[in-house]
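So the structure is just underneath, and the comments pick up after that.
The values are calculated or read from the model by the stated rules, or taken from the named source; none is laboratory data. Remember, predicted model here, so these are calculated numbers, not experimental data. Cβ placement follows ideal geometry from the backbone for every residue including glycine, while neighbour counts extend to all protein chains displayed.
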Amino acid sequence: MKSVLYSVLASFVLASALYVPARAAGLNIETATIADLNAALASGTLTSETLVSAYLKRIEAYDKKGPAINAIITLNKKALDEARQLDVERKNGHVRGPLHGIPVVLKDNYDTVDMPTTAGSQLLEGHMAKQDAFLVKKLREAGAIVLGKVNLSEFAGSGGSVSGATDPAIIKAGSVPNGASSAGGQTKNPHELLHGPAGSSGGTGAAIAAAFAQFGLGTDTGGSVRGPSSANGIVGLKPTHGLLSRAGIVPLALSFDTGGPMARSVYDVAVALGVMTGVDPADDATKKSEGKFERDYTKYLKTGALKGARVGIARDFMGKDAGTDVIVEAAIATLKKLGAAVVDP
């Protein structure tokens, strides 16, 4: 009964918080894709400054106030200046790439030359990298604006031992929750404030679900992009190992580590992925992708792409939560409608 009451109260807090619409120049930025934004930017009905301002207003209203989602560790104080500069470049006929003027947030284990990289640990607070991570360089070269750095499970671990913990709630629970760090605290799930955002890229998942940026970067070693994407109702991709450089990312387990894009649409994930591919001399694993990587993965997004694809249903994982089962059954029905060959024992 208490959990239901707390859930209702949390929902009330979110609903009653000062509402800041997710709109910029008439566009709903919660549903607009990068293609929609680029069309508006190209036509002059939207500027990067307006877009960045809209996202910053969302962060101001909902990250530390109202529902206090607490996804952001560091904001880029020069984001608006960068947006204005990119608007000038566009006006002068120079567009850097498909992300020109598009805001992104980074899991705080990506090195950035202009903001600290903490990996979620108080031990690294104030640590400044000498250069951007390879993937961050690629994003900036394509015109992306790094809006800020977001929280994560500390050092990209996914919860675990309470050894050294001082918070009584954590000690009582017997484990460190996902989406929590000594540098950033506990991030909440925007859909249910009493739930966590999963880990370890929980800050990215929560920030994108709350429309704090157009897309974000996470890292995945054993589910750290996929889990938070699922828990926060967004799209995430763990690329094939070696497709994206790990240089400038605080490591966890190099034989499995990879960066990965997270967004509110498959299209945006595909755009971000294509921007970041390429062989990096600083990461030997990327040599495996030479001659195989693409610059544009959106060309593979085709209506009817699931036709004939065999999809197996693992019923062993169902039957424990009626609400979840309803959603899964609806997804199975959608797969069938789209032409997939569903193998359902």
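Here are a few things to note about the model shown:
- The condition (being modelled with pLDDT under 95 and closer than 20 Å to Tyr62 by Cα) is satisfied by just one residue among Gly205, Gly185, Gly159, Gly199: Gly185.
- Residue within segment 133-145 that is buried (at least 24 other Cβ atoms within 10 Å of the Cβ), modelled with pLDDT of 95 or more and in contact with a Pro (Cβ under 6 Å, 6 or more places away or on another chain) present: yes
- Residue in segment 35-53 that is farther than 16 Å from Gly148 by Cβ, out of contact with any Gly (no Cβ under 9 Å at 6 or more places or on another chain) and outside any helix (DSSP H, G or I) present: yes
Okay, residues lined up against (1) β-branched (Val, Ile, Thr); (2) touching a strand residue (DSSP E or B) at 6+ places or on another chain (Cβ under 9 Å); (3) not assigned by TED's automatic domain parsing to the domain that holds Gly179:
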| site | (1), (2), (3) |
| --- | --- |
| Asp63 | no, yes, no |
| Ile69 | yes, yes, no |
| Ala83 | no, yes, no |
| Met115 | no, yes, no |
| Leu123 | no, no, no |
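- Failed item in (1) under 26 Å from Asn76 (Cα atoms); (2) part of a loop (DSSP other than H, G, I, E, B), with Leu194 passing the rest: (1)
- Close pairs (8 angstrom Cβ cut-off, 6 or more residues apart or separate chains): assigned to a loop (DSSP other than H, G, I, E, B) in segment 329-340, surrounded by fewer than 12 Cβ atoms within 10 Å (Cβ to Cβ) anywhere: Leu338/Gly304; Leu338/Lys307; Gly339/Gly304; Gly339/Lys307; Gly339/Gly308; Ala340/Lys307; Ala340/Gly308; Ala340/Arg310
- The number of residues in segment 281-302 being over 20 Å from Leu237 (Cβ atoms) and in a loop (DSSP other than H, G, I, E, B) comes to 4.
- Just one residue in the set Gly274, Gly259, Gly278, Gly227 is in a loop (DSSP other than H, G, I, E, B), surrounded by 14 or more Cβ atoms within 10 Å (Cβ to Cβ) and at pLDDT 95 or above; that residue is Gly278.
- Residues in segment 287-308 that are surrounded by 10 or more Cβ atoms within 10 Å (Cβ to Cβ) and among the polar types (S, T, N, Q): Ser289, Thr298.
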